[in-house]
Amino acid sequence: MAEWWQSGIVYQVYPRSFADVSGDGIGDLAGIASKLPYLEWLGVDAIWISPVYPSPMADHGYDVSNYVDIHPLFGSVADFDALLRDAHARGLKVILDFVPNHTSSEHPWFLESRSSRDNPKRDWYLWADPRADGAPPNNWLSVFGGPGWTLDESTGQYYCHAFLKEQPDLNWRNPEVRHAMYAAMKFWLDRGVDGFRVDVLWHLIKDATFRDNPKNPDYSPDQTPYNSLLPVYSTDQPEVHEIVREMRALLDRYESRVLIGEVYLPVQRLVTYYGVDQRGAHLPFNFQLITLPWHAERIAAAIGEYEGALPVGAWPNWVLGNHDQPRIASRVGREQARVAAILLLTLRGTPTLYYGDEIGMRDGVIRPDEAEDPQGKNVGLSRDPQRTPMQWSAEPGAGFSTVKPWLPIGLDAERCNVEVERQDERSSLNLYRRLIELRRRESALQLGEYIPLAASGDLLAFIRQDASRRFLVVLNLGHHSHHFPIGDLRGEVVVAADSFRERERVSGSIPVFGEDAFVIALDH
Ligand code: NOJ
């Protein structure tokens, strides 16, 4: 029997932007709860909620100041329990974001740690002496710009931070840190959460002697400064796998919980996060559909490489968007975003979809005075555009909030919203719904084999099959028409990017127009 996280579909909720019930312009837990009927209608199996813990919000919740509570902006632990109960009653799983690499600089642990060199929590974070000239201990850089170290004037040492200086990195070599973090995970597991998406899992542990990172010979100035070095000693250290194993062992003490890891690494490194004998993460996030150019040959090769690299028995997964990346409809266009939906929901492996992508939301337009994201402010790659409020209806505030929202509503909200799209059979939303419904109904699509087919130009084609059924998926990642010969196969189009093609009988050489994509139920 497959686990729910293998057969199911994960939907990411960015809580600040999903639904605001409290009326402060920021989404909340009650808002998420009010939309559970929608998520049930859509047909997803699990929601992953970005951080809702107490936080000064320097990085919008990825700077946690208490791992075992809920930020009042979002509600309370009681609200969370209620959401969890309601979700479970509807058959929906709830995955929490867990942020173990760093805390907020306002977390009591860090306040203690920085208070003096001999504080018992000094070693909970990464402290090091300045170099002789007063410079930081090594050349590590922060992902969000500037050095990866900040000097604490009063104790005369630097602390390490992979992200903002308000996000000091924990010292995972310290057993007390591990113990405290596992206790926090246990707090939520005991309440019944169905798993965690672990933030920057590959960053967790650093070289014990803080060696300098080497220069990146392929660095080009259009990349952020962080990319000027190769993070050889600050990420993806061999010791990280011991931690992943310990987290997994904790989850294994409960029934059917999932460990998802955020890992941006090349495929051959990524798959090591499944762990030896798969005692690591169940699903190290596979971001290739986000990171690769939208090019059929490149994507076909990447699917092949990934399938080939998976350890025996490891379960694949695919992600099309998240709160850190430009939205798919902006990256490839609205028409291709429909092709992408069919790809995501027919590939072998658990799909994760980002709130709003199902209605074809595009990146918002943010005026400089509306900017929120520290990454955007520091290194110019703002993530605000992909975090604009969910567009529920054509009302002012898009049905998200009755007051001014924390980020502006998308300019197309009058046409691109759940209410309008629900009425329109040809909408992106109804395409998603039909695809999800098909995937839920057909074990061949959920769990069946993946068989690549040779295709040229902009076409991508494969078969998904199990003992019960066979499906042929043909996708045109370009704008030009092609023919795709299917030999003596025959079948019927069951879901198509252009819904007019649904129920069409196909055989011989199939015409595939630009932006076309379809799932064909084969006759045999
Ligand atoms: C990855 C998260 O997805 C991102 O939003 C955050 O800024 C960094 N980790 C730091 O926690």
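Values in this text are rule-based calculations from the coordinates and carry no lab data. Just so it is clear, the structure is predicted and the values come from calculations on it, not from any experiment. No Cβ is skipped: glycine too gets one built from the backbone with ideal geometry, and neighbour counts run over all protein chains shown.
Quick rundown of the values:
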| quantity | calculated |
| --- | --- |
| Segments 327-338, 447-458 sorted - mean Cβ within 10 Å per residue, highest first | 327-338, 447-458 |
| Top positive-direction residue, dipole computed over the chain with Cβ charges, set Val495, Trp149, Leu289 | Val495 |
| The stretch 63-216: antiparallel DSSP beta bridges as a percent of all, rounded to 5 | 70 percent |
| Estimated distance in nm for a label pair at Asp498 and Val267, the labels positioned 7 Å out from Cα along Cα-to-Cβ | 3.1 nm |
| Neighbour-count order for Met1, Met390, Met247, fewest beta carbons within 10 angstrom listed first | Met1, Met247, Met390 |
| Chain lengthening between Ala371 and Phe513 when straightened (0.36 nm per residue, less Cα-Cα) | 47.1 nm |
| Dipole magnitude (debye, nearest 20) for the stretch 72-193, charges at Cβ of Lys, Arg, Asp, Glu | 400 debye |
| The chain, helix-only ellipticity at 222 nm - DSSP H runs n ≥ 4, -39,500 (n - 2.57), divided by all residues, nearest 500 | -7000 deg cm²/dmol |
| Residues Val52, Val493 arranged by fewest to most Cβ contacts within 10 Å | Val493, Val52 |
| Among the listed pairs Lys206/Lys377; Lys35/Lys377; Lys35/Lys93; Lys121/Lys377; Lys121/Lys186; Lys165/Lys186, those beyond 24 Å (Cα-Cα) | Lys206/Lys377; Lys35/Lys377; Lys121/Lys377; Lys165/Lys186 |
| Nearest 10 degrees, 0 to 90: helix 428-441 Cα axis against the chain principal axis | 80 degrees |
| Test item: Cα-centred dipole of the chain, Lys/Arg +1 and Asp/Glu -1 on Cβ, debye | 800 debye |
| Dipole magnitude of the stretch 15-108, debye to nearest 20 (Cβ charges: Lys/Arg +1, Asp/Glu -1, about Cα centre) | 280 debye |
| Listed residue (Trp202, Trp172, Pro214) projecting farthest to the positive dipole end of the stretch 158-223, Cβ model | Trp172 |
| Cα centroid separation - the stretch 303-350 against the stretch 149-208, whole Å | 29 Å |
| Unit charges at the beta carbon, dipole of the chain: most positive-side option, Ala82, Asn417, Gly478 | Gly478 |
| Mean Cβ neighbour count within 10 Å, used as a protection proxy, ranking 257-265, 123-131 highest first | 257-265, 123-131 |
| Alpha-carbon centroid distance for the pair the stretch 62-131 / the stretch 254-292, whole angstrom | 22 Å |
| Within the chain, percent of DSSP bridges classed antiparallel, to nearest 5 | 60 percent |
